[in-house]
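Beneath this line is the structure, given in C-alpha cells, with notes to follow.
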Amino acid sequence: MKKMNNKKNNRPAEIIACLVRASKVLLISHVAPDGDTLGSALGLAAALRRRSIEVRLACADPVPAELRFLPGSEGFAARGRSDEDLIVVLDTGDLKRIGSLYSPESFAAVPVINIDHHVTNVFFGDLNWVEPRAATAELVLDLLLEWGIPLAKEIATPLLTGIITDTQGFRTSSTTAESLRAAITLMEAGASLPEISEAVFNRRSLATLRLWGMALAQAQFAEGVLWVEISREMLAQVDDPMASRGLANFLSTFAQARVAAVFRELDGVVEISLRSAPGVDVSEVALRFGGGGHPQAAGCTVEGELARVRSQVLEALFEVVRTAEEERG
Ligand SMILES: [Mn+2]
C-alpha cells in the first residue's frame, strides 16, 4: 500500500479545496460498518450533493439492520464505479479495513482523503485529517461548518447517529464537551436524539439475545479480563451473522472487568473485539495482532484455530492489565 509517508494532518481548508475541485466523489466506509462510518459518509454525501457534487457511497459489507433507518443507507454499493475523480475514506485506520474496495490501481489514480479518529491511523491519504475525537462524524461536522454548508436534517441525522453510536449514547470515556456541543448543533439542525437512540440501541433481535445467552453462559474471568467465545456452532444455531454485534460493549458493563473480549470463530480466522476501562489501552494489543482501534475499543482478525489464538491474545491482555495496574501503583 502506498502513501503512508507523511504522518501529518492537513488543514480542513485544504480538504475543502480538494472537495470543491471534484465532480464525482467516492465515499468509502469500513467493513463491518457501524453508525459512525456510515453516518459520516451519509452526512458528507448529503452536504456534497447540496454543492452539486456527484457522490457514490461504497462499503464492502451490507448495512446492518439497526442502521437501515438512515435515509440513503440503501445507497451503499459493494464497489466503486472507477469514474470517480476523488476518494474519501471515512472512519478507517488503514486500508485493510475497507476490504475488497481497496485496489492499488484505483487508489493510485485519484487523490485520496482520509478523515478518521482512530489513534492507530496510518495516514494513508494524500490528504489526511486524523484527530482522536469521540467520532469521525464530529470531524465531518467541523468540516461542513468551516465550509459554511447550511445544516439540514438529512445531514444532521446521520452525523448525530455517528456520535451516538461511537459514544454508546454519550457514555464512553471518549465523550467530551465537544461531542455534546456537536450534538446540540445537530439537534438544532433537525436530528432527533431519542429517535436515533431508539433505532440503534433498542431493536435487538431474538437471534441476538439467544446468541448472547449462549456466549454469556460460558463467560470466563481471570486477571481482570472477562471473555466469551462465539463458536461456529453457536452462530449456526441462530442463523444471523450479525448477532454478536454489541456483545463486547455489553461485557464491558461488568464491574470487575478491566478488559472485555469477544472471540468469534470464522473460517480459518478468529475475529476479536476488545473493550477496556480507562487506563488500559487495548488498541496496542489489537495493533500487535494486525488490527487497530481506540484505547478503549479496538479489534483484530487473527488467522488460526480458536484455542491457540485465544490463548495468545489473552496472554497479551493479561500483560496490559498487569502493566496498567503497576502504573496505577
Ligand atoms: Mn468511529
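The values are calculated or read from the model by the stated rules, or taken from the named source; none is laboratory data. It should be emphasised that the depicted structure is a prediction, and the values quoted were computed from it without experimental measurement. Every residue, glycine as well, gets a Cβ built from its backbone with ideal geometry; the counts of neighbours run over all protein chains shown.
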Scan of the range 57-88 for residues that are modelled with pLDDT under 95 and assigned to a helix (DSSP H, G or I), ordered by number: Ala65, Glu66
Residues (farther than 30 Å from Ala156 by Cβ and in contact (Cβ under 8 Å) with a residue 12 or more places away in the chain) located in the range 201-221: Ala207, Arg210, Leu211, Trp212, Met214, Ala215, Leu216, Ala219, Phe221
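If a residue has to be in contact with a Gly (Cβ under 6 Å, 6 or more places away or on another chain) and within 14 Å of the ligand (Cβ to nearest atom) to count, how many in the range 148-170 make the cut? Show your work before the answer.
First, pick out the residues of the range 148-170 that are in contact with a Gly (Cβ under 6 Å, 6 or more places away or on another chain): 153, 155-156, 158-159, 161-162, 165.
Subset that is within 14 Å of the ligand (Cβ to nearest atom): 158-159, 161-162, 165.
Final tally of qualifying residues: 5.
From the list Thr157, Thr172, which residue is of a type in the set (S, T, N, Q) and in a helix (DSSP H, G or I)? Working first, answer last.
Values: Thr172 fails: in a helix (DSSP H, G or I).
Result: Thr157 is the single residue among Thr157, Thr172 that is of a type in the set (S, T, N, Q) and in a helix (DSSP H, G or I).
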Those residues of the range 149-177 which are loosely packed, with under 14 Cβ neighbours inside 10 Å and within 22 Å of His118 (Cα to Cα), in sequence order: Arg171, Ala177
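One line per residue, one yes/no per condition, for (1) touching a Phe, Trp or Tyr at 6+ places or on another chain (Cβ under 7 Å); (2) hydrophobic (A, V, I, L, M, F, W, C); (3) in a helix (DSSP H, G or I):
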{"site": "Asp281", "(1), (2), (3)": "no, no, no"}
{"site": "Leu287", "(1), (2), (3)": "no, yes, yes"}
{"site": "Gly290", "(1), (2), (3)": "no, no, no"}
{"site": "Val302", "(1), (2), (3)": "yes, yes, no"}
{"site": "Glu315", "(1), (2), (3)": "no, no, yes"}
{"site": "Arg322", "(1), (2), (3)": "no, no, yes"}
Residue count for the range 89-112, restricted to those that are within 16 Å of the ligand (Cβ to nearest atom), in a strand (DSSP E or B) and among the β-branched types (Val, Ile, Thr): 1
Number of the condition not met by Ser23 [criteria: (1) buried (at least 18 other Cβ atoms within 10 Å of the Cβ); (2) away from the ligand (no atom under 16 Å from the Cβ)]: (1)
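Here is a list: Ser192, Ser179, Ser205. Which entry is at pLDDT 95 or above and over 20 Å from the mean Cα position of the chain (by Cα)?
Values: Ser179 fails: over 20 Å from the mean Cα position of the chain (by Cα); Ser205 fails: at pLDDT 95 or above.
None of the others qualify; the one that does is Ser192.
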Positions within the range 195-209 being outside any helix (DSSP H, G or I) and under 15 Å from Leu247 (Cβ atoms), in sequence order: Arg204, Ser205
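Might you let me know whether the range 214-225 holds any residue that is buried (at least 21 other Cβ atoms within 10 Å of the Cβ) and more than 15 Å from the ligand (Cβ to nearest atom)? Reasoning before the result, please.
Going through the range 214-225, the residues buried (at least 21 other Cβ atoms within 10 Å of the Cβ) turn out to be 215, 225.
From what is left, the residues that are more than 15 Å from the ligand (Cβ to nearest atom) are 215, 225.
Yes; the residues of the range 214-225 include at least one that is buried (at least 21 other Cβ atoms within 10 Å of the Cβ) and more than 15 Å from the ligand (Cβ to nearest atom).
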Pair list, Cβ < 9 Å and 6+ apart or interchain, from the range 223-252 residues that are part of a strand (DSSP E or B) to residues that are of a type in the set (Phe, Trp, Tyr): Val225/Phe318; Leu226/Phe254; Trp227/Phe221; Trp227/Phe263; Val228/Trp212; Val228/Phe263; Glu229/Phe263; Ile230/Phe263
Qualifying residue in the range 233-247 (condition: over 20 Å from Ala65 (Cα atoms), out of contact with any Gly (no Cβ under 9 Å at 6 or more places or on another chain), at pLDDT 90 or above and among the polar types (S, T, N, Q)): no
Of residues in the range 125-135 being buried (at least 23 other Cβ atoms within 10 Å of the Cβ) and either free of Cβ contacts under 8 Å to residues at least 12 places away in the same chain or in a loop (DSSP other than H, G, I, E, B) (or both), the one farthest from the ligand (Cβ to nearest atom): Gly125
Hits in the range 49-72 (condition: buried (at least 21 other Cβ atoms within 10 Å of the Cβ) and either without any contact (Cβ under 8 Å) to a residue 40 or more places away in the chain or among the basic types (Lys, Arg) (or both)): Val55, Leu57
Tabulated pairs, the range 182-200, first surrounded by 18 or more Cβ atoms within 10 Å (Cβ to Cβ), second at pLDDT below 95, C-beta under 8 angstrom, 6+ apart or interchain: Ala199/Glu66; Val200/Glu66
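Right, Gly299: within 24 Å of Thr92 (Cα to Cα), within 16 Å of the ligand (Cβ to nearest atom) and at pLDDT below 95 or not?
On the way: within 24 Å of Thr92 (Cα to Cα): yes; within 16 Å of the ligand (Cβ to nearest atom): yes; at pLDDT below 95: no.
For Gly299, the condition - within 24 Å of Thr92 (Cα to Cα), within 16 Å of the ligand (Cβ to nearest atom) and at pLDDT below 95 - is not met.
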Qualifying residue in the range 39-56 (condition: among the polar types (S, T, N, Q), in contact with a His (Cβ under 8 Å, 6 or more places away or on another chain), within 16 Å of the ligand (Cβ to nearest atom) and in a helix (DSSP H, G or I)): no
